[in-house]
Amino acid sequence: MLTLTRSFVKVLSGKKETNVEVITLANARVSMSIVPELGAKIISLKSLTNQYEWLQQSPYSKMSVPEYGDSFINGFDTGGWDECFPSIKQEIYSAEGYKDLALPDHGELWCLPWKITKIIETDNFVTLSLCCQGRQLPYQFTRSITLHKDSHEFVIHYQLVNLGLNPLPYMWSMHPIFAAQPGMQIQLSDNIKQFYTDNGFNRFFNHSESVIHWPYSYAPSNIDSLIENHTFKVGAQALNQPFASQSCDNQRYSQYCLSYVMDKQSHFASKLFSKPINNNAQNNLITVALTRDNGAQRCGFSYYSDEVSHVGLWLNYQGWSGSALAPAYVVGLEPCIGGHDSLQQAIAKSEYAQVPASGKHSWSVSCFIE
């Protein structure tokens, strides 16, 4: 079985209901559903073998059509998989030839409609290509997704074309948000060794480290006595029960280990960006994955470090919400080009990309479900 189906779903556009198209690529093992009108948002990533949905689903009964400039975190941060470009942070874009352009929260792509540019259907594979034109910057961004008949992975090709007469600095990030479960494990290639921390991380662990080694684990030397006396505090809570024993860096600990998803009650929330993965000038195959059912099932991404330079981790265990919604229980595995939410900060640290005038950049990522 190999299909590309087109259907419709009701969404809110302002206060009115309207129908938008949903395109689903599927074989006997996996399926993926995309909504071109909603920033080409991927709303479903499913194992058909286990009938398990990996992506966090929207808490609203109907999705909404964004307007350009809307706040992503206040009303549209509802799960699924978006694309972020040319920055994640809402900020002023300023480069040669482009002065004082106000970029939306999470960039331009998620709040613009995409156009279908190509559909290929054969007996052995299907391909869906969609593109988006920049609103304030002169570029065309294309994402092509291919699924083969007997494959467990979607092969995703990206192309960025600079339509302008000046170099275009940028960062890009996939933004797939997975539904979390206690005991899930985050698996990263050995090449990914260090991460920049943020305020959420340092508040939770009560220290000020700017860089941590992966897999990060934490327990005071006198943890047993602190737990016994109910005085060990991580985050805002005193813990009065033993930690689950977890394997971290090939050792056994009773502590917090970031390679395992914490319970909801931890209220931990942090965005971590890796240091550049390709800093040794070698082209390495990188894999980032989330596992469940004691490792029997996993979903994730693979890519080459000469094309995609970083990975971001959004770990939100009911610790943060940017809207009136209750904090979500989610994990974001985010291959990215550039190592910060802010493009300006990425430029300051020389961790960004730049496509030349009238030039192109291309990269590929495979999304697997096993």
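The values are calculated or read from the model by the stated rules, or taken from the named source; none is laboratory data. Just so we're clear, the structure is a prediction, and the values are computed from it rather than from any experiment. Using ideal geometry, Cβ is built from the backbone for each residue, glycine included, and neighbour counts are taken over all protein chains shown. For the accessible areas, the whole protein counts, side chains as well, though only heavy atoms, and no ligand, DNA or RNA atoms are used. Shrake-Rupley method; radii C 1.70, N 1.55, O 1.52, S 1.80 Å.
Being within 25 Å of HIS213 (Cβ to Cβ), of a type in the set (Asp, Glu) and open to solvent by 30 Å² or more (accessible area, probe 1.4 Å) is the requirement here; does ASP341 meet it?
Details: within 25 Å of HIS213 (Cβ to Cβ): yes; of a type in the set (Asp, Glu): yes; open to solvent by 30 Å² or more (accessible area, probe 1.4 Å): yes.
Criteria met by ASP341.
Checking SER350, SER321, SER364 one by one, the residue that is surrounded by fewer than 18 Cβ atoms within 10 Å (Cβ to Cβ), within 17 Å of the chain's Cα centre (by Cα) and closer than 28 Å to ASN199 by Cα is SER321 and no other.
Would you check if there is a residue in the stretch 51-70 being among the β-branched types (Val, Ile, Thr) and out of contact with any Lys or Arg (no Cβ under 7 Å at 6 or more places or on another chain)?
Here is the first cut: in the stretch 51-70, the residues among the β-branched types (Val, Ile, Thr) are 65.
Now narrow it down to the ones that are out of contact with any Lys or Arg (no Cβ under 7 Å at 6 or more places or on another chain): 65.
Scanning the stretch 51-70, I find at least one residue that is among the β-branched types (Val, Ile, Thr) and out of contact with any Lys or Arg (no Cβ under 7 Å at 6 or more places or on another chain), so the answer is yes.
Only one of the listed residues (LYS149, LYS99, LYS62, LYS89) is in contact with an Asp or Glu (Cβ under 8 Å, 6 or more places away or on another chain), modelled with pLDDT under 95 and open to solvent by 40 Å² or more (accessible area, probe 1.4 Å). That residue is LYS62. Looking at THR117, is it open to solvent by less than 50 Å² (accessible area, probe 1.4 Å), assigned to a strand (DSSP E or B) and farther than 26 Å from ILE73 by Cβ? Taking the combined requirement at face value, the residue does not satisfy it.
Identify, please: which residue in the stretch 260-302 is small (Gly, Ala, Ser) and assigned to a loop (DSSP other than H, G, I, E, B) and is, among those, least open to solvent (accessible area, probe 1.4 Å)? Steps first, please.
Quick first cut of the stretch 260-302, residues small (Gly, Ala, Ser) only: 266, 269-270, 274, 281, 289, 295-296, 300, 302.
Still in the running and assigned to a loop (DSSP other than H, G, I, E, B): 281, 295-296.
On the way: ALA281: 90, GLY295: 46, ALA296: 70 Å².
Once the filter is applied, the top-ranked residue is GLY295.
Test TYR68 against the stated conditions and say whether it is without any contact (Cβ under 8 Å) to a residue 24 or more places away in the chain, of a type in the set (Phe, Trp, Tyr) and either in a strand (DSSP E or B) or surrounded by fewer than 21 Cβ atoms within 10 Å (Cβ to Cβ) (or both).
Numbers: without any contact (Cβ under 8 Å) to a residue 24 or more places away in the chain: no; of a type in the set (Phe, Trp, Tyr): yes; either in a strand (DSSP E or B) or surrounded by fewer than 21 Cβ atoms within 10 Å (Cβ to Cβ) (or both): yes.
No; evaluated as a whole, the condition is false for this residue.
Would you say ILE223 is of a type outside the set (Ser, Thr, Tyr) and either at pLDDT 95 or above or within 30 Å of LYS46 (Cα to Cα) (or both)? When the stated conditions are applied, ILE223 does not pass them.
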